Amino acid sequence: MGVTKAQLFELGACEEAIAELEQARDRLPGEIAAAENRAQAARDAVEAAHEELADFEKTRRSQEAGLQDCEAQRTKFQGQTALVKTNEEYSALLREIDGMNDRISELEEGILLSMEAIDGAKSRLESVEKEQEIVERGHRSAAKGLHRDLARVEEDLARRGGEREERLQLLGSGVVALYRRVTKAHGSGVAILRDGRCSGCHRAIPPQTMNLVAAGELHTCSNCQRILVPGEP
Ligand SMILES: [Zn+2]
């Protein structure tokens, strides 16, 4: 058939390189997505910190509006004390004023707590924004590198795929047919002989077969039918 050991070796090396490239091609999109998820999580944290701050500020605004209302109400009651005619009316107004004073104290306390909460939310926002900036910067360069890797892997795969096809054709149509049949069944048509075993199914290969393959003869693994190729040129 005119097959040489070098041809078989090159075919095996090509097949192995393609398997590695395929693994990288399958792995890289997941790594790209994971990097994107980390950046998105950092953006989400900033978004959440903004919302938290906005909530506290909204609460404070409503407390301040409530305080103004109560103070206006108290001023109104205080003005009325000069106008009432009876002790009962006067006492009733004083009770209203006391009630307003209590309400005003509550609101003032609430406003102090809100201001503390706002300060806390501002410093959390600041720290998650810093974190996001770092993550984002790292993400941009990582994503760029990963996309570049993926493009290179795809390019290499196309080139290596073409090379494998050429190498197969050189081995003749019988080998091509066998290769296609085994690839269809097992995902790869070639197995490399390493440490006395078939790299496809890990079955031990008889020394006699090892020697014949090393001499450039075409043999298949009796277990998985893959074409056996030497592990060294
Ligand atoms: Zn095998």
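Read the figures in this text as sums done on the coordinates, not as results from a lab. Note that the coordinates shown come from a computational prediction; the quantities given were computed from them, not determined experimentally. All Cβ positions, glycine included, derive from the backbone under ideal geometry; neighbour counts span all protein chains shown.
The table below gives the values:
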| quantity | calculated |
| --- | --- |
| Among Gln132, Gln40, Gln68: highest mean-square fluctuation, GNM of the chain, C-alpha pairs under 10 Å | Gln68 |
| Residues whose placed amide H lies under 5 Å from that of Thr220, excluding near-sequence neighbours | Leu228 |
| Spatial separation of Cα centroids for region 1-49 and region 164-220, in angstrom | 25 |
| For region 6-59: span of alpha carbons on each principal axis (Å, largest first) | 79, 9, 5 |
| Cα-based shape type of region 25-154, given that a ≥ b ≥ c are square roots of the gyration tensor eigenvalues and the cut on a/c is 1.5 | prolate |
| Total formal charge among the other residues, if their Cβ is under 15 angstrom from that of Glu57, Lys/Arg +1 and Asp/Glu -1 | -1 |
| Ala177-Ala204 FRET efficiency (beta carbon distance; Förster radius 25 Å; 0.05 resolution) | 0.40 |
| Normalised contact order of the chain, rounded percent, pairs of Cα under 8 Å and 6 or more residues apart | 34 |
| Residue-averaged [θ]222 nm for the chain, counting only DSSP H segments that reach four residues, each worth -39500 (n - 2.57) | -29000 deg cm²/dmol |
| Cα centre as origin, Lys/Arg/Asp/Glu Cβ charges: the chain dipole, Debye | 1860 |
| Which of Leu112, Val175, Asn37, positive extreme of dipole for the chain (C-beta unit charges) | Val175 |
| Amide H within-cut-off set for Val190, under 5 Å, with H built and near neighbours excluded | Ile227 |
| Charge context of Gly189, other residues only, Cβ under 9 angstrom, K/R +1, D/E -1 | +3 |
| Summed residue charge, Cβ within 12 Å of Glu163's Cβ, Lys/Arg positive, Asp/Glu negative | -1 |
| Gain in span if fully extended, Glu129 to Ser105, counting 0.36 nm per residue against the direct Cα distance | 5.1 nm |
